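Working notes for the structure below.
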Amino acid sequence: MENQVNQGPKWYTIREAAEYLSIGEPTLYRWMRDGKMTFRKIGDSTRFLKEDLDAFVQVFPSAKDADQVKEICHVCHHDRLVDGHFRTTGLNYFRPAKTKFWSLKGSDISSHAKMCTRCGAITLFGDLRKLNALKTAEEKEEVATEEVMNN
């Protein structure tokens, strides 16, 4: 019987994570404080998983890049997705918990799906125009403020 060593997850210290991302440690601390970065506490030590660091690099803030990312599988990063519809016993809709008004058309937001031809992962996308139409003025102002701060 062979001795198999359990490799386990690859953990990075703060210094190693900063080097891996090619950023300074103060930037990493700021991202942690702002809740932008996933990290773990092991006792008193802060650690990062390689997968979390890689996932952080995959953030696409611009609208153009966000549209391009819709064409890449979020699981295996394959670039061949098939358009389709996702059904259970009927069409699936997303309904925001809060909307600015009651509408004759309703608050249900339709969705469309894409499926990866390699791993079979299915990703759902909702109609952003309808979601934005249902937002309150306060929510729209919050989103605009976030966009200004992120740029």
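Bear in mind that the values in this text are calculations on the coordinates, not laboratory data. What you see is a predicted model, and the numbers here were worked out from it, not measured in a lab.
Can you tell me the relative contact order of segment 8-59? Whole percent, Cα pairs under 8 Å, sequence separation 6 or more. Provide the component values of the computation, followed by the final result.
Working: 45 pairs, mean separation 22.4, N = 52.
In percent, rounded to a whole number, it is 43.
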Here segment 11-23 yields Karplus 3J(HN,Hα) values (6.51, -1.76, 1.60; θ = phi - 60°; whole Hz; Gly and Pro given as x) of 9, 10, 6, 4, 4, 5, 5, 5, 5, 4, 8, 6, 10
Given 25 °C, 0.890 mPa s and a Kirkwood radius over Cα pairs, the Stokes-Einstein diffusion coefficient of segment 8-59 in µm²/s is 223
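Distance cut-off 27 Å, Cα to Cα: go down the list Lys50/Lys140; Lys36/Lys135; Lys36/Lys64; Lys41/Lys64 and report the pairs above it. Kindly include the intermediate steps, with their values, before the conclusion.
Details: Lys50/Lys140 35 Å; Lys36/Lys135 24 Å; Lys36/Lys64 21 Å; Lys41/Lys64 35 Å.
Pairs exceeding the cut-off: Lys50/Lys140; Lys41/Lys64.
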